[in-house]
Structure formats: structure tokens, C-alpha cells
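The values are calculated or read from the model by the stated rules, or taken from the named source; none is laboratory data. This is a predicted model, so every value here is computed, not measured. Methodologically, a virtual Cβ is constructed for each residue, glycine included, from the backbone with ideal geometry; neighbour enumeration extends over all protein chains shown. Heavy atoms of the whole protein, side chains included, go into the accessibility calculation; ligands, DNA and RNA do not. Shrake-Rupley method; radii C 1.70, N 1.55, O 1.52, S 1.80 Å.
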Amino acid sequence: MPPRRDDARGPRRDAPAQAEPAYRPLSGIRTYRPADGGASREIPVKRAPAPVQEQVPGAVRINKRLADMGLCSRREADEWVDKGWVRVNGELAVMGQNVVAADRITVEREARDRQDQQVTILIHKPMGYVSGQAEDGHEPAVVLVTPQNHWNQDTSRTRFNFAQLKGLAPCGRLDIDSVGLLVMTQDGRVARQIIGEDSEMDKEYLVRVTYGDRDIDVQSVFPAEQLARLCHGLSLDGEELKPAKVDWQNPEQLRFVLTEGKKRQIRRMCELVGLRVVGLKRIRIGRVTLGNLPVGQWRYLGAHEGF
């Protein structure tokens, strides 16, 4: 009987031991360890070096410089640099590059064209919707931006398409139990105007309140000195609040005009002086008002409008 083929091959060799994983040091050079445990020479593979940034007095990052010039937001500036749309003294800018006041910054037409296609949308947010990402089972207000909810009295010539939802972000929060004007935009310039770190744009609110067990003619029993504290003299989170304008619109409703926007600021301010907020509506941001926009509907910021 002829031998089996397996027998003819001789005894099986044991499987080779698994090679050690590639070693990656923390330096800027990667080395690959051969499978023989390092008996042969390791081969260095150089990474492309990051641009060297000289520490020049007064230098700032290119994205901050573009934002300070009012051209875009920092995030948008990073996108422009990445796409090769920004030059510094005639040379292509690189991500994270430092520039000084004397540097000449130019932006390609493609960046301007991109901005021309970006939209800003005004929503009359109802109660029950959050301003940003969905949380605790509540939907974000952006879900209201549909063709069906577009206000039929919108005078803008912009036509809706679903690409307008990409990158559409809220400019300032409006609490889930508050209603009124919510601005959402793709345009970094608008976002920086409203919520930039140096923004002092005022926002106006109508606030219905109670005082103790009094919910009718609250104005007549609320101390004048406490109203003065609402205007200036309160602190939140260990910081003194900026001066605000607060006055009575009717015996049960106050008007607040703020230039800052701490989390649940108006409600917390009212608690500090013994008031309870039972209704809060934002009616204006800068020069843009809510107007007659119906609850749950939206419109475009018009070409003639600005914050």
C-alpha cells in the first residue's frame, strides 16, 4: 500500500511564534521591529516635520487672525487653510501657522464663494425642543427646518435644499422650557458676531414672573431695590454679572436686555431676588427681531438684514 501523501512530506513543523507588534516610540521617528526579534537592523521611517513656529512677539495663529479680521470663524479658517485658500505674504498658509500684524493675508475666491452659499435661519422655537444636540429624549430645534415649516411670508429669494442643514449650528442657547427667536447659521461670521468671545450683542426677552404666592399685579408688591439688583449687583458662578436693562412691561411681565448668556441666566437671576419665572420668550438678537414669525416655523435671514 503506497504511503499517504501527508506521510511523504515528513513531520509537520510547528507554527512560527507570532511576531512582536511594531514598536512605536514617542519621538518623531517610527521604527519597525523585524519579526526575528531585532537581530537585523531596524529601519527608521521619518515623518514629515511639522512647520517650525518662531516665537515672535505679537504673533497669533492664522485662524485667529482671520477671525479677528471678521472674515470667518476660527473653525472655518482652519477649513480654508486646509483647502489651500489662504496665503501669507504670497505663500500658502499652513495649519497652525503664526502670523504678525505686518504679514499680508489673502483669501482665494473659492472661500468667498463658499460663504455666499451659506445660510442663516431664524426659528420661532416652541417649548420642548433643545437648541443644540438632542438630549434626554428631546429633539433639537433643527428638526423644525423642513419645507413644510417654512414661513409662507418669508420674503427671501433663497430656496430650501437639504444641503443647507449641513453645519447648521445654533448661535446661543434657548432653554428647553423657553420659546422665541433662535438663530441657526452655517456662516462663521454670524456666529462670531452673536456668540464670539468678544461679542457684546444684546438680546431681549419678555419674562412672566410670580412673587411668592402673588401671580397678579406682581409689580405692585415687588421691592424697587430688588429690581435695581436685577439691573446690576448680582453674581452667578462666582462672577459678577454685567449690567442689564430690566423694567416692567406690564404688572406681571418684565423685559430683560442682556449682553451675556450664562446657562439659564434669567431664571437664576430671578431666583436670587425671590421671583419665579413662569414664561420666557426671546424677541430680539441685535437688530433682528422675532416679529410675526409663527411658533414652530422658520425663515431665512434676509439679504438686507444684519445683526
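When the stretch 248-258 is examined, which residues are found to be open to solvent by 40 Å² or more (accessible area, probe 1.4 Å) and either touching a Pro at 6+ places or on another chain (Cβ under 9 Å) or more than 12 Å from PHE222 (Cβ to Cβ) (or both)? Even if it seems obvious, please write down each step before you answer.
Going through the stretch 248-258, the residues open to solvent by 40 Å² or more (accessible area, probe 1.4 Å) turn out to be 248-251, 255.
Hits for the stretch 248-258 are GLN249, ASN250, ARG255.
So, in the stretch 193-202, exactly how many residues are within 24 Å of GLN117 (Cβ to Cβ), out of contact with any Gly (no Cβ under 6 Å at 6 or more places or on another chain) and open to solvent by 50 Å² or more (accessible area, probe 1.4 Å)?
1
Enumerate the pairs (first residue in the stretch 132-147 and over 27 Å from THR158 (Cα atoms); second residue anywhere and surrounded by fewer than 12 Cβ atoms within 10 Å (Cβ to Cβ)) with beta-carbon separation below 9 Å, excluding pairs fewer than 6 apart on the same chain, so at least 6 apart or on different chains.
ALA134/VAL143; HIS138/GLY128
With GLN115, GLN193 as the choices, which residue is assigned to a helix (DSSP H, G or I), modelled with pLDDT under 95 and within 30 Å of VAL277 (Cα to Cα)?
Numbers: GLN115 fails: within 30 Å of VAL277 (Cα to Cα).
Within the list GLN115, GLN193, the selection yields GLN193.
Considering the stretch 259-307 alone, what residues qualify as being closer than 19 Å to CYS171 by Cα, surrounded by 17 or more Cβ atoms within 10 Å (Cβ to Cβ) and aliphatic (A, V, I, L, M)?
ILE266, LEU280, ILE285, VAL288, LEU290, LEU293, LEU301
Within the stretch 204-211, does at least one residue satisfy the condition of being loosely packed, with under 13 Cβ neighbours inside 10 Å and farther than 21 Å from ARG287 by Cα?
Within the stretch 204-211 (the criterion being loosely packed, with under 13 Cβ neighbours inside 10 Å and farther than 21 Å from ARG287 by Cα), the answer is no, since none of the residues qualifies.
Return the pair list, or none, for Cβ contacts closer than 6 Å from residues in the stretch 287-307 that are under 14 Å from THR120 (Cα atoms) and in contact (Cβ under 8 Å) with a residue 60 or more places away in the chain to residues that are among the aromatic types (Phe, Trp, Tyr) and not in a loop (DSSP other than H, G, I, E, B), at least 6 apart or on different chains.
That search, which allows pairs on different chains as well, returns nothing.
Kindly indicate the residue of the stretch 162-192 that is surrounded by fewer than 20 Cβ atoms within 10 Å (Cβ to Cβ) and not hydrophobic (A, V, I, L, M, F, W, C) and also nearest to ASN250 (Cα to Cα) among those meeting that condition. Steps first, please.
Kept after step one, since they are surrounded by fewer than 20 Cβ atoms within 10 Å (Cβ to Cβ), are these residues of the stretch 162-192: 162-169, 172-173, 175-177, 189.
With not hydrophobic (A, V, I, L, M, F, W, C) added as a condition, the list becomes 164, 166-167, 172-173, 175, 177, 189.
Numbers: GLN164: 40, LYS166: 42, GLY167: 40, GLY172: 27, ARG173: 26, ASP175: 23, ASP177: 22, ARG189: 37 Å.
Among those residues, the one meeting the criterion is ASP177.
Would you check if there is a residue in the stretch 224-244 being of a type outside the set (Phe, Trp, Tyr), touching a residue at least 40 places away in the same chain (Cβ under 8 Å), under 30 Å from LEU301 (Cβ atoms) and surrounded by 13 or more Cβ atoms within 10 Å (Cβ to Cβ)?
Among the residues of the stretch 224-244, not one is of a type outside the set (Phe, Trp, Tyr), touching a residue at least 40 places away in the same chain (Cβ under 8 Å), under 30 Å from LEU301 (Cβ atoms) and surrounded by 13 or more Cβ atoms within 10 Å (Cβ to Cβ), which makes the answer no.
So, in the stretch 96-112, of the ones that are of a type in the set (Asp, Glu) and assigned to a loop (DSSP other than H, G, I, E, B), which residue ends up most open to solvent (accessible area, probe 1.4 Å)?
Residue satisfying both the conditions and the ranking: GLU108.
Could you list, in sequence order, all residues of the stretch 196-224 that are in contact with a helix residue (DSSP H, G or I) (Cβ under 8 Å, 6 or more places away or on another chain), modelled with pLDDT of 95 or more and of a type in the set (Ser, Thr, Tyr)?
The answer is TYR205, THR210, TYR211.
Inside the stretch 75-94, can you point out the residues that are over 24 Å from VAL190 (Cβ atoms) and either over 25 Å from the mean Cα position of the chain (by Cα) or open to solvent by 40 Å² or more (accessible area, probe 1.4 Å) (or both)?
Scanning the stretch 75-94 gives ARG87, VAL88, ASN89, GLY90, GLU91, LEU92, VAL94.
List pairs: first residue in the stretch 157-181 and at negative phi, second residue among the aromatic types (Phe, Trp, Tyr) and crowded, with 17+ Cβ neighbours inside 10 Å anywhere in the structure, Cβ distance under 6 angstrom, at least six positions apart or on different chains.
What qualifies is THR158/TYR300.
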